[in-house]
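Peer 1: Quick one: the structure is below, questions incoming.
The values are calculated or read from the model by the stated rules, or taken from the named source; none is laboratory data. Only a predicted model underlies this, so the values are computations on that prediction, with no experimental measurement involved. Cβ placement follows ideal geometry from the backbone for every residue including glycine, while neighbour counts extend to all protein chains displayed. Areas reflect the complete protein model, heavy atoms only, side chains present, ligands, DNA and RNA absent. Shrake-Rupley method; radii C 1.70, N 1.55, O 1.52, S 1.80 Å.
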Amino acid sequence: MTQEIKKTVCIILCLVSVLSHSFGEARLWYKQPANSKFKFDDENRWKNSPEWLSALPVGNGSLGGMIYGDVTQERIQLNEESMWSGSPNDDLNPLAFKNQSKIRQLLFNGNFKEALDLTQKTQVCTGSGSGRGKGANVPFGSYQTLGDLWIDFDNKSNYSDYERELDLETAMVNIRYKQDDVSYKREIFVSHPDQVMVMKFSSDKKGKISFRAKLSRPERFNIVTQKDQLIMRGTLSNGKGGDGMQYMARLGATNQGGELSYSSNELIVKNADEVILFLTASTDHILAPPRYKGREYENITENKLHLAKKTSYEKLVARHQEEYKGYYDRVSLTLKETKQDDTPTDVRLERFKKNPTDQHLISLLFQYGRYLLISSSRPSTLPANLQGIWAEKIQNPWNGDYHTDINVQMNYWLAESTNLGEMHLPLFDLMKSLVPSGKKTAKAHYNAKGWVLHPITNVWGFTAPGENANWGMHVGGGAWLATHIMEHYYFTLDKKFLEDNFSILEESVLFYLDWLIPDPNTGELISGPSVSPENLFIAPDGTKTKVCMGPTHDHEVIWQLFKNYIDASQALGMNTALQAKVVEAQEKLAKPKIGKDGRLMEWAEEYKEDNPGHRHISHLYGLHPGYQIDPSETPKIAKAARKSLDHRIAHGGGHTGWSAAWLVNQYARLGDGDKAQKSIHSLLIKRTSPNLFGQHPPFQIDANFGVAAGIAEMLLQSHTKEIRLLPALPTNWTEGEVKGLCARGGFIIDMKWDKHQLTAINLYSKHGGKAILTYQGKQYSFDTKAGKSYQPLAKLR
């Protein structure tokens with residue numbers, strides 16, 4: 001069969017799937033629109049518009065939309081991945097290094113107040129930093145809405161039989177309703193292959209489609225009509241009183257029947273049988289320091305719009321489906337008591353709050369997390385930020401930035417295990433872009449080699465500490481981020497990838513080798529001055545502070561980085577003096593310690609916690625996502641970690657969406673499926689919106705990604721040398737099936753279970769090598785060949 005025939009067959013099959021698909025099972029659906037009639041409010045950045053949390057997200061990694069589905073006036077809130085205010089800026093503090101030794105000595109001597117005061121004066125960035133999380137008009141900037149597409153329909157009569165759905169299997173929003181005995185349908189998707197948002201409007205009677213469409217934005221925009229398209233363009237603030245990023249969106253249309261015209265900055269349709277709208281958008285930003293500019297955004301948007309309009313709707317759908325389903329269809333999850341999807345999602349969520357037995361909602365949440373990652377992070381795009389790519393305001397919460405003290409890392413916990421490794425790649429592109437500025441920060445602030453990153457960054461290369469030392473002196477951000485390089489390698493065994501990114505790992509290691517110092521009392525290598533994100537303690541002198549010497553979190557993250565570097569060097573056949581130095585430093589690094597009450601200590605001393613129920617559980621990094629703490633390999637430390645976890649929850653911990661999601665993963669690593677499930681329930685009951693967006697509150701997408709990763713971790717673990725099957729199965733997950741989960745070493749696993757017993761397993765080996773499986777205390781080790789499948793169930797009984 002020729003390549004052309006294969007492509008044609010694939011297009012036909014995708015098209016048949018789409019045309020025959022009628023409100024499938026893996027979907028979010030509703031019997032009412034989200035209200036598009038709203039008053040724009042950008043003042044309260046900590047609160048989302050209620051109806052925005054009912055709108056449905058679509059995206060292709062670079063272009064996103066929130067679909068409201070109003071019958072008489074459709075609103076599609078638009079986003080473009082690089083829509084950032086701000087600009088590159090010199091934020092480095094010349095006072096930092098010269099005061100470092102004094103701060104360390106003050107902390108060792110117990111003078112916490114004086115140490116905190118000096119840290120606040122000298123160890124922070126200069127200037128405004130993040131603008132205290134409100135940086136739209138300072139150089140740090142904020143991720144911003146692209147604007148809105150408004151479609152005002154002529155027919156204002158009452159409607160019936162309304163349904164609105166997001167189909168996860170096809171990545172399309174479908175809307176159906178009746179008006180005046182006419183059946184209407186809308187189909188909306190964002191194509192990655194064609195880089196265009198496509199919106200089709202049709203009805204079962206001719207001449208019934210009439211509307212006016214326009215583009216708008218809260219500020220800094222201009223609309224012009226140019227031949228057969230509407231153009232919205234503008235320039236954002238650079239945070240210094242001048243012009244920054246330039247952007248453009250183009251809207252065009254094709255019609256069957258009726259009239260199509262452009263007038264008074266509107267696209268006007270009269271009495272058409274069918275209309276297809278096409279929207280393209282881009283900015284001049286590129287992820288390349290020091291200028292970060294150079295994308296030919298005008299030509300890109302023009303060419304993509306022109307090509308989309310020349311392509312049949314059927315081909316656009318088929319290309320979109322072929323590419324998207326190539327990722328999404330890799331994994332499926334079915335839990336017992338999965339019922340026919342005959343209840344709207346918002347109703348189902350409310351019922352779950354009263355009676356959390358709907359396991360279909362849990363499997364839906366899992367696949368929704370995968371959908372959101374595919375839709376917000378694709379190869380060659382920017383990584384998913386605090387809100388993925390979906391943000392409704394000019395000033396978004398925490399600037400919609402990249403928080404590197406857990407949040408952006410949590411965004412990618414599911415990438416490898418749920419078979420979406422390609423979606424992980426944008427994170428490495430961001431890392432690579434941060435190294436030049438990170439080296440400057442390491443030299444200026446610490447007189448150290450290598451590169452460093454603190455708790456926040458943006459698309460402009462910000463690597464300095466934040467403007468407040470109590471949260472901004474998290475020195476472990478670069479190490480935590482860099483560990484993702486080996487996570488990708490452990491799963492894929494892609495040596496070319498490792499070679500390309502090895503220098504990022506090595507430069508991070510060089511920084512921490514210079515940064516660590518011996519503890520004067522124990523001789524162990526420790527980090528500091530630093531913080532345990534973002535938790536306060538009460539020092540012996542009565543000072544409430546976060547700044548200390550030797551936070552457990554830093555040591556666990558650095559231990560993991562050193563392990564990663566050692567493993568990477570071995571994988572690439574290296575045997576260098578630096579490798580030996582890293583091995584020695586890892587051995588001397590301060591280890592996790594158990595306090596008098598049996599809990600894992602968060603700081604070097606047993607300081608009193610200011611908030612025992614704090615949302616961050618940073619000192620348990622070594623349990624998850626790190627490898628240092630494990631119930632089988634370090635049982636005493638794991639027991640202390642469990643006690644810390646239980647204590648934190650007993651005092652109100654896990655109260656934010658992402659924190660509850662982290663608990664799912666941590667309890668899964670402890671082998672406690674029931675407590676992991678309890679945290680899933682907590683997220684759904686307390687911190688989930690009608691459109692299933694996770695809430696801090698406000699909306700943060702890390703909860704969606706983190707809980708999907710946690711569900712995978714409950715079913716399959718491979719962070720030790722063995723692959724653990726169903727390691728944290730809850731009591732009431734009595735029956736189920738999962739296909740396509742990935743394990744480190746290049747393995748893909750399918751499993752079935754019934755009455756809590758494994759009934760089938762298939763292991764596919766991508767690269768060959770030894771597989772070590774464990775299940776309910778039994779272990780089976782065997783050699784595999786690349787491209788072969790194995791069914792070793794009998795060996796595990």
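Peer 1: May I ask you to list the trypsin sites (Lys or Arg not before Pro) in the stretch 541-611 that are in a DSSP loop and have at most 10 other Cβ atoms within 10 Å of their Cβ?
Peer 2: Of the trypsin sites (Lys or Arg not before Pro), the ones in loops of the stretch 541-611 whose Cβ has at most 10 other Cβ atoms within 10 Å are Lys596.
Peer 1: In addition: Can you list the GluC sites (Glu not before Pro) in the stretch 267-335 that are in a DSSP coil and have 12 or fewer other beta carbons within 10 angstrom?
Peer 2: Taking the stretch 267-335 and a limit of 12 other Cβ atoms within 10 Å, the loop GluC sites (Glu not before Pro) found are Glu296.
Peer 1: Over the chain, average the accessible area per residue using a 1.4 Å probe and give it in Å², no decimals.
Peer 2: Spelled out: the 1.4 Å probe surface of the chain, per residue, equals 36 Å².
Peer 1: Defining a contact as two alpha carbons under 8 Å apart and six or more residues distant in sequence, what relative contact order in percent does the chain show?
Peer 2: 12 percent.
Peer 1: While we're looking at this one, here's another question. Output the 0 to 90 degree angle, nearest 10, between the alpha-carbon long axis of helix 313-328 and the longest principal axis computed from the alpha carbons of the chain.
Peer 2: Helix 313-328 sits roughly 20 degrees off the main axis of the chain.
Peer 1: Tell me the net charge near Leu793. Cut-off is 12 Å between Cβ atoms, Leu793 excluded, with +1 for each Lys or Arg and -1 for each Asp or Glu.
Peer 2: +3
Peer 1: Carbon and sulfur atoms: what percent of the 1.4 Å accessible area of the chain do they account for? If you can, show how the numbers build up before the last one.
Peer 2: Working: 13900 of 28690 Å².
In the chain, the share of accessible area belonging to carbon and sulfur is 48 percent.
Peer 1: Calculate how steeply helix 425-446 sits against the longest principal axis of the alpha-carbon atoms of the chain, using the helix alpha-carbon long axis, and give the answer as 0 to 90 degrees to the nearest 10.
Peer 2: Relative to the chain, helix 425-446 is tipped by roughly 40 degrees.
Peer 1: Next question. Pulled fully out, how much extra length does the chain show between Ser216 and Thr343, if you take 0.36 nm times their separation in residues and subtract their Cα-Cα distance?
Peer 2: Difference between extended and current length: 42.2 nm.
Peer 1: Here is a further query. How would Trp480, Trp559 rank on accessible area, largest to smallest, probe 1.4 Å?
Peer 2: From most exposed to least exposed: Trp559, Trp480.
Peer 1: Still on this structure, I have one more. Can you compute the FRET efficiency between Phe782 and Glu587 using 1/(1 + (r/R0)^6), with r the Cβ-Cβ distance and R0 = 45 Å? Round to the nearest 0.05. Walk me through the numbers on the way to the answer.
Peer 2: On the way: r = 33 Å, r/R0 = 0.73.
Here the calculated transfer efficiency is 0.85.
Peer 1: While we're here: As a test of reading the structure, rank Arg186, Arg220, Arg176 by solvent-accessible area (1.4 Å probe, protein chains only), most first.
Peer 2: Values: Arg186 5, Arg220 100, Arg176 65 Å².
From most accessible down to least: Arg220, Arg176, Arg186.
Peer 1: Can you spot the lysines whose alpha carbon is less than 20 Å from Lys353's alpha carbon? Ignore those fewer than 8 places along the same chain.
Peer 2: Lys31, Lys336, Lys339, Lys675, Lys678, Lys686
Peer 1: How much length, in nm to one decimal, is gained on full extension between Glu422 and Glu114, taken as 0.36 nm per residue of separation minus their Cα-Cα distance?
Peer 2: Working: separation 308, 0.36 × 308 = 110.88 nm, distance 4.78 nm.
Length gained, Glu422 through Glu114: 106.1 nm.
Peer 1: May I pose another question? Taking the Cα atoms only, what angle lies between the long axis of helix 477-492 and the longest principal axis of the chain, rounded to 10 degrees?
Peer 2: 70
Peer 1: Extension gain Thr357-Ala577, at 0.36 nm per residue separation less the Cα-Cα distance, in nm?
Peer 2: 73.5 nm
Peer 1: How many lysine pairs does the stretch 577-644 hold where the Cα atoms are under 21 Å apart and the two sit 8 or more places apart or on different chains?
Peer 2: Lysine pairs, 8 or more places apart or on different chains, close enough: 16.
Peer 1: Right, something else. Where does the Debye-calculated log10 I(q)/I(0) of the chain sit at q = 0.05, 0.08, 0.10 Å⁻¹, using only Cα point scatterers of equal weight, no solvent?
Peer 2: Scattering profile of the chain, log10 relative to I(0): -0.26, -0.67, -1.05.
Peer 1: While we're here: Could you point to the residue in Gln757, Leu692, Ser781 farthest towards the positive end of the stretch 668-797's charge dipole, with +1 and -1 charges on the Cβ of Lys/Arg and Asp/Glu respectively?
Peer 2: Ser781
Peer 1: Per the helix-only calculation at 222 nm, which mean residue ellipticity applies to the chain, given -39500 (n - 2.57) for every DSSP H run of n ≥ 4 and division by its residues, nearest 500 deg cm²/dmol?
Peer 2: -10500 deg cm²/dmol
Peer 1: Count of lysine pairs in the stretch 68-179 with Cα atoms under 15 Å apart, counting only pairs 8 or more residues apart in sequence or on different chains?
Peer 2: For the stretch 68-179, qualifying lysine pairs total 5.
Peer 1: May I pose another question? What nm value, rounded to one decimal, do you get for the distance between Lys240 and Ser157 when each label is placed 7 Å out toward the C-beta?
Peer 2: Going from the Lys240 label point to the Ser157 one covers 6.0 nm.
Peer 1: Now for a separate question. Gap in Å between the Cα centre of the stretch 731-779 and the Cα centre of the stretch 415-430?
Peer 2: Computed from Cα coordinates, the inter-centre distance equals 22 Å.
Peer 1: Using a Förster distance of 35 Å, how high is the FRET efficiency between His651 and Asn521, based on the Cβ-Cβ distance and rounded to 0.05? Write down the numbers at each step before the final one.
Peer 2: Working: r = 30 Å, r/R0 = 0.85.
Computed FRET efficiency for His651 and Asn521 comes out at 0.70.
Peer 1: Also: For Pro88, what charge total do you get from the other residues with a beta carbon under 11 Å from its beta carbon, if Lys and Arg give +1 and Asp and Glu give -1?
Peer 2: +1
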